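Inspection log for the structure reproduced underneath, given as structure tokens.
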């Protein structure tokens, strides 16, 4: 008798999470076109997720906006132009190469080259150090005294 109560209690959280499925566009071709386009767009909330895969409310709103523009007869390029005018190049997973995005495109390579140059300079400086000279008798006595053994090092 208790086992059915446990099963019933475990099912309650699932019922609370379950929701009604969101309706897709009436036109499956339009819906597929929207999904293909939104795969190349970045979710502005999630940032590392495509617009198609995001569950954020803003992403849902943007997908609906894309659907409406496609129903109005706009091409994919016109929809992308609208989104980049409104949200900037950040909405694109592959932003164009232009002066505003040079740091984004070439920054990692510049950092890599700089780090390699720094490592090479460090290794060269390290290799050009003079060889350690042995300590004089006076320095050996002072070291022995500082270390506390007080005996003559030889």
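Is it true that residue 59 is assigned to a helix (DSSP H, G or I) and surrounded by 15 or more Cβ atoms within 10 Å (Cβ to Cβ)?
In short, yes.
Taken over region 91-140, the criterion of being touching a helix residue (DSSP H, G or I) at 6+ places or on another chain (Cβ under 9 Å) and within 30 Å of residue 42 (Cα to Cα) is satisfied by 91, 92, 93, 95, 96, 97, 98, 100, 101, 103, 104, 110. The set of residues from region 83-99 being assigned to a loop (DSSP other than H, G, I, E, B) and in contact with a strand residue (DSSP E or B) (Cβ under 8 Å, 6 or more places away or on another chain) comprises just one member, 93.
Residues are listed down the side, and each one gets a yes or a no for (1) touching a helix residue (DSSP H, G or I) at 6+ places or on another chain (Cβ under 6 Å); (2) at pLDDT below 90; (3) surrounded by 10 or more Cβ atoms within 10 Å (Cβ to Cβ); (4) in a helix (DSSP H, G or I):
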residue	(1), (2), (3), (4)
25	yes, yes, yes, no
45	yes, yes, yes, no
54	no, yes, yes, no
66	yes, no, yes, yes
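The values are calculated or read from the model by the stated rules, or taken from the named source; none is laboratory data. Model, not experiment: these values are computed from the prediction. Note: ideal-geometry Cβ built from the backbone for every residue, glycine included; neighbour counts use all protein chains shown.
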